[in-house]
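Report on the structure given below.
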Amino acid sequence: MSVAAQTWPDARGRFGPYGGRYVPETLMAPLEELERAYEAARADASFAAHLNAELKDFAGRPTPLQLASRLTEHLGGARIYLKREDLLHTGAHKINNCLGQGLLAVRMGKKRIIAETGAGQHGVASATVAARLGLECVVYMGTEDMERQRLNVSRMRMLNAEVVGVDAGSRTLKDAINEAMRDWVTNVRTTHYLLGSVLGAHPYPRMVRDFHACIGREARAQILAAEKRLPDWLVACVGGGSNAIGLFYEFLGDASVKMIGVEAGGRGTGLGEHAARLAFQAGFSGARPGVLQGTYSCVLQTPDGQIAPTHSVSAGLDYPAVGPEHAWLAEQGRAEYTAASDEAAIDAARTLARTEGIIPALESAHALAEVIRRAPKMKHGEIVIANLSGRGDKDMEILEKYL
Amino acid sequence: MKTVITTRIARRFEELRRAGELGLVAYITAGDPTLEASERIVLALAEAGADVIELGVPFSDPLADGPVIQRASERALHSGTTLRGVLDLVGRLRTKTEVPFVLFSYYNPVLQMGLEKFAAAAAEVGADGALITDITPEEAGDYRAAMHARELDTVFLAAPTSTEARLKLIAEASTGFLYVISRTGVTGAQNALAEELPALVRRVRGATSLPIAVGFGISHPGHVSLLGGLADAAVVGSALVAEIEKAQSAEAAATAIAAKARMLKEAARRGISRRESSR
Ligand SMILES: Cc1ncc(COP(=O)(O)O)c(C=O)c1O
């Protein structure tokens, strides 16, 4: 498992059978250009230095790895640590990737960035980085998501981004990505598409992973310092899968470290009631390998290959496909995928608020729900790191109803 | 060298070449608003002089399409259209017309049916080829093998952003004809053709001896005339689909669309084809 796991994707952007590049021809040369620019940036020490300085001074890295002592006591099992990505500027892990791609866009001479957003956190982080770097920014967002994540729409507008509502299909993240891709295919010569998760055509799944790998790198050093050993479990929520792979990646070579990705269980296991693409062992139906929005991965769909509607209380997890690297980790059994229901996530958010004084994003609350379910059954000496991918301010209108 | 397959598509382009005539490739979304309506519309198009008909397979997430074809896709899905239903439509049409049919689809519905099953079914119903919007030569190995085993044409797209190296790949992967996207962007009618178009078509000519069809944005007879002397065929999609959207009934749609096709075909006949001018 060790070294081999780190060499994905292959030269064609494949993680095992998953990934690749399935786009209209117009986008092929730009994707090749992006891949070359990214390779060149990776090999350039000054790029890394610039990015690290921004991550530190502007975004607030490194983030703490906090022992959740009262939650640990409350659950009475494993020792629980929280990787505090919620403390980053803009309130979620998304800024890691936005700074990386933003600097890359500048390097490529692109003056305009576009982004899609579900929960609005990626949109806010994109708008923030655009303002910081002096770029024009347009964010596509499903109108249902604009409604349920209203605070983030205002934040983006305050930052001078144009927020374009997308009224097609399910009016959520998937539809926002379609519209962003239509913009990109039209304005490709001047525009960088700042994709917000480990989705889309190669090189995005790899590049976005790399920009988030700092999460796991820090966490690994921090846990070794605090506990003098590696954790037993890593737990993260999985929308597209960027915060999860960001935490997992550095540990992939550590065979003793088990990994759990938590998807949106929504309100039931039938097609249309959830957004669980990999948690079929937990009884969720409708996902099969397929191609959506540039990549071959596990996709919730009808038998005819039409993409299925999804449901989650959390806009950031409400998406019918999953990053190809997660499909591959699932297939190999290297990571395990499960799902938490809307209700379990809301309960978990309340529990964290009241035991630790932290209001998590509803996305992150899915990871916490799994921790809450499992930790009591774990041995006292076991160590769990949960990725607290974002803070819950944006979700207060939803959470308020459950007070 | 590729083995030369004489498909209906190749034969039609050969006839056009001999006649010194620009071809008209007509696109509609199959099942918009119903498969029965499509059947009438396609027959009307064939009669009005369309040389090749592209039948769009509706998809839930048509990310390469503009609003007109997006809405057509929605209407078609709403009436329950599936890939299997589109294939059956081709089967029914094939008993009534010899016009070449190209299935125009996003990859996922084809992948879910299975590449070989798709190719076998397409051949059986009398389709002539396919064009998959979101697959490029790099990812198309299995698809091409399955299609060519059934003597079906694989049409690939060339775009203004395609490099010389990519044009070479596209030319190698294509059979029947090559489809040049006139501008960066999604499908949809436009007033003016891109200024860069002649240079683009010349670059593509340099990479292939296949007939070249130019599409995206073509809506007026004037556009079609301009393509005479430059390309081998004009592809008209959104402008026809818009007629279906406007019409009150399948009958009215068939009449309106046939009138439009006749007007475009007339312009195509008047335009000087490249072959003639170079002869
Ligand atoms: C706080 C937070 N966590 C997680 C996600 C899900 O994305 P990913 O799976 O790429 O981390 C989002 C997406 O909007 C988010 O805002």
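Things to note:
- Just one residue in the set B:ASP61, B:ASP142, B:ASP65, B:ASP88 is in contact with a Phe, Trp or Tyr (Cβ under 8 Å, 6 or more places away or on another chain) and not hydroxyl-bearing (Ser, Thr, Tyr); that residue is B:ASP61.
- Sub-7 Å Cβ pairs linking a first residue in the range A:255-268 that is on the phi > 0 side of the Ramachandran plot to a second residue that is buried (at least 24 other Cβ atoms within 10 Å of the Cβ) and of a type in the set (Ser, Thr, Tyr), at least 6 apart or interchain, are A:GLY266/A:SER312, ordered by first then second residue.
- Taken together, the criteria exclude A:ALA176 from residues that are of a type in the set (Gly, Ala, Ser), away from the ligand (no atom under 13 Å from the Cβ) and more than 25 Å from A:LYS377 (Cβ to Cβ).
- Test: residue in the range A:88-108 that is out of contact with any helix residue (DSSP H, G or I) (no Cβ under 9 Å at 6 or more places or on another chain) and away from the ligand (no atom under 12 Å from the Cβ): no
- Residues of the range A:148-172 that are within 12 Å of chain B (Cβ to nearest Cβ) and either part of a helix (DSSP H, G or I) or more than 21 Å from A:LEU362 (Cα to Cα) (or both): A:VAL166, A:ASP167, A:ALA168, A:GLY169.
- Here A:ALA11, A:ALA53, A:ALA29 are screened, and the one residue that is closer than 27 Å to A:ILE113 by Cα, out of contact with any helix residue (DSSP H, G or I) (no Cβ under 8 Å at 6 or more places or on another chain), within 13 Å of chain B (Cβ to nearest Cβ) and of a type in the set (A, V, I, L, M) is A:ALA11.
- The residues in the range B:63-98 that are in a helix (DSSP H, G or I), within 13 Å of chain A (Cβ to nearest Cβ) and charged (D, E, K, R) can be counted, and the count is 3.
- Check on A:LYS83, within 16 Å of the ligand (Cβ to nearest atom) and modelled with pLDDT of 95 or more: yes
- Any chance A:GLU263 is over 19 Å from A:MET207 (Cα atoms), surrounded by fewer than 24 Cβ atoms within 10 Å (Cβ to Cβ) and either within 16 Å of the ligand (Cβ to nearest atom) or acidic (Asp, Glu) (or both): no
- Members of the range A:207-226 found to be within 14 Å of the ligand (Cβ to nearest atom), touching an Asp or Glu at 6+ places or on another chain (Cβ under 8 Å) and assigned to a helix (DSSP H, G or I), listed by number: A:ARG209, A:ILE215, A:GLY216
- Qualifying residue in the range A:227-237 (condition: away from the ligand (no atom under 16 Å from the Cβ), farther than 15 Å from A:VAL384 by Cβ and out of contact with any strand residue (DSSP E or B) (no Cβ under 8 Å at 6 or more places or on another chain)): yes
- Of the strands (runs of 3 or more DSSP E) that lie entirely inside the range A:290-403, those containing 3 or more residues that are out of contact with any His (no Cβ under 6 Å at 6 or more places or on another chain), more than 13 Å from the ligand (Cβ to nearest atom) and more than 14 Å from chain B (Cβ to nearest Cβ) span A:335-341, A:383-388.
- Condition check for A:GLY268: over 15 Å from A:ALA330 (Cα atoms), assigned to a loop (DSSP other than H, G, I, E, B) and more than 13 Å from the ligand (Cβ to nearest atom): yes
- Boolean, A:PHE251 is within 16 Å of the ligand (Cβ to nearest atom), among the hydrophobic types (A, V, I, L, M, F, W, C), more than 23 Å from A:LEU300 (Cα to Cα) and surrounded by 19 or more Cβ atoms within 10 Å (Cβ to Cβ): no
- From the list A:GLU273, A:GLU263, the lone residue that is in a loop (DSSP other than H, G, I, E, B) and more than 14 Å from chain B (Cβ to nearest Cβ) is A:GLU273.
- Put simply, of B:LEU157, B:LEU152 the only residue that is surrounded by 23 or more Cβ atoms within 10 Å (Cβ to Cβ), at the interface with chain A (Cβ under 9 Å from one of its Cβ atoms) and touching a residue at least 24 places away in the same chain (Cβ under 8 Å) is B:LEU157.
- Qualifying position, being surrounded by fewer than 22 Cβ atoms within 10 Å (Cβ to Cβ) and polar (S, T, N, Q), among B:THR81, B:THR34: B:THR34
- Residue check, B:LEU22 among the aliphatic types (A, V, I, L, M), under 22 Å from B:GLY217 (Cα atoms) and in contact with a strand residue (DSSP E or B) (Cβ under 8 Å, 6 or more places away or on another chain): yes
- Breaking point among (1) more than 14 Å from the ligand (Cβ to nearest atom); (2) assigned to a helix (DSSP H, G or I), for A:ASP145: (1)
- Test result for A:TYR193, crowded, with 20+ Cβ neighbours inside 10 Å, in contact (Cβ under 8 Å) with a residue 60 or more places away in the chain and within 14 Å of another protein chain (Cβ to nearest Cβ): yes
The values are calculated or read from the model by the stated rules, or taken from the named source; none is laboratory data. Note that the structure is predicted; figures quoted are calculated from it, not measured. Note: ideal-geometry Cβ built from the backbone for every residue, glycine included; neighbour counts use all protein chains shown.
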